[in-house]
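Everything below concerns the one structure shown next.
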Amino acid sequence: GGINTTIPSVLFARLINIFFSSPFTYLSVLTLTSLRKMHWFHVLTVAVLAVLVKALRWFLQPFFIWLERKADKSSPVVVDSTGRREEPAQLSQAPSFKLSLVIPAYNEEQRLPKMLEETIEYLERRRKRDPKYTYEFVVANDGSKDKTVQVALDAAALHPGVVLRVIDRSANRGKGGAVKTGAMYARGEYVLMVDADGATRISDLEVLERKMAAVEKDGFGVVVGSRNHLVDDAVAKRKWYRNILMHGFHFLVSTVCGSDIQDTQCGFKLFTRKSAQYLFPNQETEHWAFDVELLYLARKFKMPVAEVPVNWEEIAGSKLNVVEATMSMARDLVLIQAFYMLGVWKANNTILVGDKKSN
C-alpha cells in the first residue's frame, strides 16, 4: 500500500477504534445526557449521532484492521507430512510444478476431504497421460477451530506422491487473506484458486486452461470461471438469495470498479505465475471483495482477463451470511475505489515479489 505504516499510526487506529466501539460511545452519550435535563429533540439528536458514529466505525473498520495487520510481521507456518516449519514465501522463485491449487479453508473438515479426493483422482488421470503435468496443493488454513489441517494431511497421505502443504495461520483473517497467503507460497507455473467445497467441477480446469492459452500474453493472463450462464437455467442449483446477491454485487462492481466480468465471485480462477507475482503481493482486501480488487489490479496492470462458463453446484455448509456479506462487500467496493484513488493503496508494478513481505 501507499501509506508508510508506523507503530504510532497503528496505536492511533486502535484508539479511534476503541472510541467508536458501541459501549464506549453509548457511555459517553449517557454521561452527556445526564449533565442536564435535555429536551426530547436533544436526546433524539444524541441518539442519532451515536448511531452515525457506530455506522462510521463499521464503515472504516477494514481500514483500522488493515493498519494493524500491516504492522504484523509474523509468518505463517508450513505444515506437511514432515512436520511444521517456517519458510519464506516462494512466489518470487522459479516454478517447480505445472500447477498450484490454492485452497482457502476455514473450518472445512467436513467438505475438504471429498473435494481433495475428487481433485486428486482427476489430476492423477491427467498426470498418467502426461507425466510433465505436475501439481501441488496449497491449503491455506485461515484460523480453523476444527480438524481442517489434519483432514487435509490425511487425504494426502492416502495418495503417496501427491504434494500437499498447509499454510497455517492461527488467526482468522478472511477468505481474501487466506487466498493471498496461499498464493504467496505457490510453486506452480499456473495458480488455480479453488474453493474447498468443490462446488465447481474440477474437470472445468481444462476449459480455463484452453482459454488461458488463447489470451495469455507476455506471461500475463487471468481466466475467471463464471456461473452467470446458470442464473436463468433450470438446472442451476442455487438458492434464490444467492442469485440476488450475485446480481446486486455485479451492479456494484460495474458502477464502482467498471469491471465487465459478469461473475467476479466464483471461487475458480486461473492465474499465470507472472500475473500472480504482480497481483497477490499488491492485494490488500482480506474479506469477500478481494476477487474484485484482484480484477481491479489486473485491469490497472493491463493484463488480459477472460471469463468462461463452468459447471457449479451449491454445496451445503457455506459460512456465508447473505445480508452481512452483501453489506460488507458493498462497503469494501467503495473503500477499494477510494483507497486507490487517494493513494492509500498503490498498485506497485516495479517491485519484485521477493522484495515485499507476505502478509
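The values are calculated or read from the model by the stated rules, or taken from the named source; none is laboratory data. Every value quoted in this text rests on a predicted model; they were computed, and no experiment measured them. Please note: Cβ atoms are built from the backbone with ideal geometry, for glycine as well, and neighbour counts cover all protein chains shown. For accessibility, only protein heavy atoms count, side chains too; no ligands or nucleic acids. Shrake-Rupley method; radii C 1.70, N 1.55, O 1.52, S 1.80 Å.
I'd like to verify a number: residues in region 142-172 that are in contact (Cβ under 8 Å) with a residue 60 or more places away in the chain and not charged (D, E, K, R), how many? Residues meeting the conditions: 9. Check region 150-170 and report whether any residue there is closer than 25 Å to residue 283 by Cα, open to solvent by 10 Å² or more (accessible area, probe 1.4 Å) and of a type in the set (D, E, K, R). Among the residues of region 150-170, at least one is closer than 25 Å to residue 283 by Cα, open to solvent by 10 Å² or more (accessible area, probe 1.4 Å) and of a type in the set (D, E, K, R), which makes the answer yes.
In the set (1) open to solvent by 10 Å² or more (accessible area, probe 1.4 Å); (2) under 26 Å from residue 264 (Cβ atoms); (3) modelled with pLDDT under 95; (4) not in a loop (DSSP other than H, G, I, E, B), residue 198 fails one condition alone, (4).
Looking at region 269-359, the helices (runs of 4 or more DSSP H) lying wholly inside it that each contain 2 or more residues that are open to solvent by less than 10 Å² (accessible area, probe 1.4 Å) and at pLDDT 90 or above sit at 273-282, 290-300.
How many of the residues in region 103-114 are among the hydrophobic types (A, V, I, L, M, F, W, C) and over 24 Å from residue 171 (Cβ atoms)?
Matching residues across region 103-114 total 0.
Of all residues in region 132-175, those satisfying the criterion of being over 28 Å from residue 73 (Cα atoms) and in a loop (DSSP other than H, G, I, E, B) are 132, 133, 134, 158, 159, 160, 161, 162. Suppose we filter region 40-85 for residues that are part of a loop (DSSP other than H, G, I, E, B), modelled with pLDDT under 80 and open to solvent by 50 Å² or more (accessible area, probe 1.4 Å); how many remain? Summing the residues that are part of a loop (DSSP other than H, G, I, E, B), modelled with pLDDT under 80 and open to solvent by 50 Å² or more (accessible area, probe 1.4 Å) in region 40-85 gives 3.
Taken across region 172-183, residues that are out of contact with any Ser or Thr (no Cβ under 9 Å at 6 or more places or on another chain), open to solvent by less than 20 Å² (accessible area, probe 1.4 Å) and not aliphatic (A, V, I, L, M) do not occur at all. Screening 89, 94 for residues that are more than 21 Å from the chain's Cα centre (by Cα), of a type in the set (Gly, Ala, Ser) and either over 15 Å from residue 197 (Cβ atoms) or not in a helix (DSSP H, G or I) (or both) leaves exactly one candidate, 94. Only a single criterion out of (1) within 18 Å of the chain's Cα centre (by Cα); (2) more than 30 Å from residue 219 (Cβ to Cβ); (3) not aliphatic (A, V, I, L, M) is not satisfied by residue 111, namely (1).
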